[in-house]
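A short write-up of the structure that comes next.
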Amino acid sequence: MGARTRLTRRGVAALAASLALAAGSMLVAPPASAAVRGSSGTKTALQPAISFPNGDSAAEGGQIAIRFDANGDTRATKFRYSVGDTSLGSEVHAASDGTATVTIDVGSVTGERPVYAVAVDRRGRLSPMAQGSFTVAAVWSLQGQAFDTTTWLPLEGATIRLEPAGVEVVTGPDGAFRFAVDPGLYNLVGTYAGPPSLYGSQQLELDNQGMRFDLYLFPDSGS
């Protein structure tokens, strides 16, 4: 009876050792290479890079080239992009080197314009979104019309000067004037020989965004 009891205890000890060994083997992590192979099929394309091959600024009404680069990720087959919002409503196919370049019209809205893009893989999965920006510069620093306050109509033949730049223009039938100058503080002065003699002035601070300002000329008190 005693011998049988000793054998039973030995059996229990052997069984416990086997279970411990099995549990330990379950806790051993798989090789790193196996983990990479197992997860590679679930990864999306890398976030693309956005650049501007010909510079990141363009004049209003002009065009700008935008380049998308998948950073060597061969899974990217095309790019979706948009300017000004995140709608990603435009699309371009990637070349064999994982890049694509588009040329867009910048329009007449001056200032900084954001560009958003994602890379798309063969399964249609989207990468994280990338963002870049370019600047639309004003062609004219200042433009507007001169008006005769005795008739409230556009004034033809008025001389419009911008001081201290020392530049001036004479308005046509639509009373329009335009100036292209560096940013700074200026005095806009308008005169009209008449009859009646008219005069008007306004101090303006101009920047690179462009400004529209209509100048009203009043009867000259000295005439």
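The values are calculated or read from the model by the stated rules, or taken from the named source; none is laboratory data. The structure presented is a predicted model; accordingly, all values stated were derived computationally and were not measured. We place every Cβ from the backbone using ideal geometry, glycine too, and count neighbours over all the protein chains shown. SASA here: full protein model, heavy atoms, side chains in, ligands and nucleic acids out. Shrake-Rupley method; radii C 1.70, N 1.55, O 1.52, S 1.80 Å.
How large is ³J(HN,Hα) for each residue in the stretch 60-74, as worked out from phi by the Karplus curve 6.51 cos²θ - 1.76 cosθ + 1.60 (θ = phi - 60°), to whole Hz, x for Gly and Pro?
Per residue, the Karplus-derived 3J(HN,Hα) values read 3, x, x, 10, 9, 8, 10, 10, 10, 9, 7, 6, x, 7, 6 Hz.
Calculate one ³J(HN,Hα) per residue across the stretch 91-107 by plugging θ = phi - 60° into the Karplus curve 6.51 cos²θ - 1.76 cosθ + 1.60, and present them in order as whole Hz with x for glycine and proline.
9, 9, 7, 7, 6, 4, 8, x, 10, 7, 10, 10, 10, 10, 7, 7, x
Give me the net charge for the shell around LYS43: Cβ to Cβ below 10 angstrom, other residues only, Lys and Arg +1, Asp and Glu -1.
0
Compute the separation of the alpha-carbon centres of the stretch 153-175 and the stretch 198-215 and state it in Å as a whole number.
12 Å
What does the C-alpha gyration tensor say about the overall shape of the stretch 116-203? Classify as rounded when a/c is under 1.5, otherwise prolate if a/b is larger than b/c, or oblate.
Since a/c reaches 1.5 and a/b is larger than b/c, the shape of the stretch 116-203 is classed as prolate.
For every other residue with a beta carbon closer than 12 angstrom to the beta carbon of PRO154, add +1 if it is Lys or Arg and -1 if Asp or Glu, then tell me the sum.
Around PRO154, the surrounding residues sum to -4.
Can you list the residues, at least 5 places off or on another chain, whose amide H is less than 5 Å from the amide H of PHE218, using H built in the peptide plane?
Residues meeting the amide H criterion: TYR199, GLY200.
With the contact rule set at Cα under 8 Å and sequence spacing of 6 or more, what percent relative contact order holds for the stretch 134-223?
Relative CO of the stretch 134-223 lands at 35 percent.
So, counting K/R as plus one and D/E as minus one, what does the shell of residues with Cβ under 13 Å around VAL102 add up to?
Net charge around VAL102: 0.
Can you give the log10 of the normalised intensity I(q)/I(0) at q = 0.11, 0.15, 0.17, 0.19 Å⁻¹, computed with Debye over equal Cα scatterers of the stretch 35-126?
Normalising to I(0) and taking log10 leaves -0.35, -0.59, -0.72, -0.86.
Filter the chymotrypsin sites (Phe, Trp or Tyr not before Pro) in the stretch 158-223 to those in DSSP coil with at most 10 other Cβ atoms within 10 Å of their Cβ, and list the result.
Qualifying residues, ordered by number: none.
So what are the ³J(HN,Hα) numbers for the stretch 82-87, from phi and the Karplus equation (6.51, -1.76, 1.60; θ = phi - 60°), rounded to whole Hz, Gly and Pro as x?
Calculated HN-Hα couplings, in order: 7, 10, x, 8, 9, 5 Hz.
Need one value: the accessible area of ILE64 in square angstrom, 1.4 angstrom probe, rounded to the nearest 10.
Spelled out: ILE64, probe radius 1.4 Å, area about 10 Å².
Long-range amide H contacts for GLY62: which residues qualify at under 5 Å (H placed 1.01 Å from N, peptide plane, sequence gap of 5 or more or a different chain)?
VAL106, GLY107
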